[in-house]
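Undergrad: First, the structure itself, so that you have it in front of you.
The values are calculated or read from the model by the stated rules, or taken from the named source; none is laboratory data. All values reported here derive from a predicted model rather than from experimental measurement. Here the Cβ positions follow ideal geometry from the backbone for every residue, glycine too, while neighbour counts run over all protein chains shown. Surface accessibility is based on the protein's heavy atoms, side chains included, excluding ligands, DNA and RNA. Shrake-Rupley method; radii C 1.70, N 1.55, O 1.52, S 1.80 Å.
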Amino acid sequence: MRQALCNAMLSEYPGIRRIKIKDCGIRFYARVWMHSGRVIHHKAYSLRNLAGILCEKVENQEITLS
């Protein structure tokens, strides 16, 4: 499931260089490395919430860099 989310985000957003999602029992931790050199960090209790938050943050990063 985590790998599917990583692959989907990498294919949808060309500004992403690398994604790492870690399952730490109760929470999921994510790090997204952008081509611009910025790193986005976030944590959530479910993969669905994490995916929504990461998509929103990546879109905001791409808009501010344009």
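Undergrad: Can you give the helix-only mean residue ellipticity at 222 nm for the chain, where every DSSP H stretch with n ≥ 4 adds -39500 (n - 2.57) and the sum goes over all residues, rounded to the nearest 500 deg cm²/dmol?
TA: -15000 deg cm²/dmol
Undergrad: If you fit an axis through the alpha-carbon atoms of helix 2-12 and take the longest principal axis of the Cα set of the chain, what angle between them do you get, 0 to 90°, nearest 10?
TA: That works out to roughly 20 degrees.
Undergrad: Ratio to report: Rg/Rh of the chain, with Cα atoms as the point set and Rh obtained by the Kirkwood method; give two decimals.
TA: With Rg and the Kirkwood Rh in hand, the quotient comes to 0.94.
Undergrad: Counting only heavy atoms of the protein chains, get the accessible area per residue of the chain (1.4 Å probe) and round it to a whole Å² value.
TA: Here the residues of the chain average 68 Å² of exposed surface.
Undergrad: If I fit a long axis through the Cα atoms of helix 47-65 and take the longest principal axis of the Cα atoms of the chain, what angle between them do I get, 0 to 90°, rounded to 10?
TA: Result, in degrees: 10.
Undergrad: Between GLU56 and ARG18, what is the spin-label point distance in nm, taking each point 7 Å from the Cα along the Cα→C-beta axis?
TA: That separation, rounded to one decimal, is 2.7 nm.
Undergrad: PRE reach from ARG27 (point 7 Å along Cα→Cβ): which of region 42-56 fall under 16 Å by backbone N?
TA: Hits in region 42-56 for ARG27 at 16 Å: 42-51, 53-54.
Undergrad: How large, in percent, is the carbon and sulfur part of the accessible surface of the chain at a probe radius of 1.4 Å?
TA: 51 percent
Undergrad: Something else now. Can you compute the charge dipole magnitude of the chain about its Cα centre, using +1 on each Lys and Arg Cβ and -1 on each Asp and Glu Cβ, nothing else charged? Give it in debye, rounded to the nearest 20.
TA: Dipole magnitude for the chain comes out near 360 debye.
Undergrad: Heavy atoms only, 1.4 Å probe, whole protein assembly: order TYR13, TYR29 by accessible area, highest first.
TA: Largest to smallest exposure gives the sequence TYR29, TYR13.
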